[in-house]
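Structure, as structure tokens:
Any read-out appearing in this document is the output of simple, stated calculations on the displayed coordinates, not a laboratory observation. Every value quoted in this text rests on a predicted model; they were computed, and no experiment measured them. Cβ placement follows ideal geometry from the backbone for every residue including glycine, while neighbour counts extend to all protein chains displayed.
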Amino acid sequence: MAIATINPATGETVKTFDAASTAEVQQKIELAHSRWHSYRKTSFAERADWLRASADLLDAEADEVGRLMTTEMGKTFKSARAEAQKCAKGMRYYADHAEEFLADEPGDADAVGASKAWMRYQPLGVVLAVMPWNFPLWQVVRFAAPALMAGNVGLLKHASNVPQTALYLSDLLLRGGFPEGCFQTLLISSSQVEAVLRDHRVVAATLTGSEPAGRSVAAICGDEVKHTVLELGGSDPFVVMPSADLDKAAEVAVTARVQNNGQSCIAAKRFIVHTDVYDAFAERFVARMKELTVGDPFDDDTDVGPLATEQGREDVEELVDDAVKAGATVLCGGTRPEGPGWFYPPTVISDITKDMRMYLEEVFGPVASLYRVADIDEAIEVANATTFGLGSNAWTDDADEQDRFIADLYAGQVFINGMTVSYPELAFGGVKRSGYGRELSGHGIREFCNLKTVWVG
Ligand code: NAP
């Protein structure tokens, strides 16, 4: 895939970049590695100052970088600006809390015959981050902010369609005060990733993206015995039970499905509704999906902009066509509009059966599938039926049902009467083929640390 900014609203190529040469990549790895030896000795206070200064710059430049993100991957400008602000908040969160998250943990010295014993979190070194385009700032910041606060240094291989956002971020951290080499962007293609992962100076990797990409990075790192965190795809269930507030559930369902033009790993994708309220929920949900405005992502009135890539739209169309051919019903949307740009309308599909690809696969666009279920057992069975296990949502006012969903939805997170959101304060990650490891909260910052046991006789 060419490294280029291609405006998804028009299809126009705005700017192209040459991939870095092997020599350039080597130079950056060497700079990262030598920088780490001094950077790891900086104090939490110094790192926090640099991160807070970066957050202040980001807040001041939210419009500028928001325009960049919208131009590169098509999210609405209002959501791009909000993403920049969320990143600034995430940076301040780790600036404030890193030291307490990584404080020494006391051990039982008497039990192990020591005069003193404890466990200390130390940074690992140079970590490669392979990141997706869908939240081009936030996905990176939720790795970079804790990693830098822990004393690691980062190399970023961003998705090929968001090179300018990638370069903006490494420059931002430099302007915030981080020493040169702490966080660098490598403009490389995915075929150049293996050499970086196998370099002895790179000690760990994190990848957010699709299952094939995750599998490849994890296999190489497995071969090299290097730690990885994988944040992969999802096909989150959104279960609606009879006691739910249907108006509220339908309103949130729309946001949960079409956020980021339908391209979020934690978007609710499968709407699993108890038969007693199925028709009432479907009517409300479809009516709201039809009301959404699709169009220019820079327009304040737009709810849904284009999909980020031409291939992305073709993938969505293929899944919808496959379901329709096998007998699914299109309740709204389902056909691409005429004209330039990679737009796809908010779409709701019902009568999904197990032989349709959509039953198991992730649809990365504004397409919702509706399932009618007889009771909570069937709801949980359908919810857990995919190979994914990222987020999950259940709507019910019944306390016993809430407990049941919390216990039995097989996912990295469960949201009751709300939609799955990533918060700096809460751990984020998946099970099954949605990946492993955790980001955010105290758990996220400890992922790229060496927990060193200290025993003093
Ligand atoms: P993708 O194709 O896997 O790309 C993600 C990143 O991996 C890009 O930087 C890409 O580079 C790189 N890449 C692709 N193939 C690779 C390989 N074989 N080896 C090394 N790197 C490789 O994913 P995407 O289509 O951009 O993103 C959508 C997917 O990400 C969805 O499945 C979504 O659910 C998932 N996602 C998950 C989370 C989460 O937190 N769990 C968050 C956001 C998105 P190029 O661009 O150069 O190909």
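Some observations on this one:
- C-alpha center-to-center spacing [the range 158-209, the range 423-447] in angstrom: 20
- For the chain, the relative contact order comes to 19 percent (Cα pairs under 8 Å, sequence separation of at least 6).
- Antiparallel bridges, percent of DSSP beta bridges restricted to the chain (to nearest 5): 35
- Helix 62-73 axis, angle to the chain major axis (alpha carbon atoms, nearest 10°): 60
- Whether the range 236-423 is rounded, prolate or oblate, judged on the alpha carbon gyration tensor where a/c under 1.5 counts as rounded: prolate
- P(r) histogram, all alpha-carbon pairs of the chain included - 10 Å bins from 0, percent: 4, 20, 29, 25, 15, 5, 1, 0
- Extended-chain gain in nm, criterion 0.36 nm per residue less alpha-carbon gap, residue 30 and residue 321: 99.9 nm
- Contact order, relative form, for the range 230-288: 50 percent (alpha carbon pairs under 8 Å, 6 or more residues apart, mean separation divided by residue count).
- Share antiparallel - DSSP beta bridges, the range 236-423, percent rounded to 5: 15
- Candidates per GluC sites (Glu not before Pro) in the range 326-398, loop by DSSP, up to 13 other Cβ within 10 Å: 338
- Distance from the range 344-373 to the range 116-146 (C-alpha centre basis), Å: 34
- Under 5 Å between amide hydrogens, built in the peptide plane, is the criterion, and for residue 153 it picks out 125, 126, 127 among residues at least 5 positions away or on other chains.
- Site pair residue 96 and residue 426 shows an inter-label distance of 1.8 nm when each label is modelled 7 Å from Cα along Cα→Cβ.
- Label-point separation, residue 360 to residue 21 (7 Å along Cα→Cβ), nm: 4.7
- Exposure proxy ranking, count of Cβ atoms within 10 Å, fewest first, for 175, 404: 175, 404
- Tilt relative to the chain, helix 22-39 - C-alpha long axis, 0 to 90 degrees, to 10: 60
- Compared with the dominant principal axis of the Cα atoms in the chain, helix 163-175 is inclined by about 40°.
- Projected label points at residue 42 and residue 314, each 7 Å from Cα along the beta carbon direction, are separated by 4.4 nanometres.
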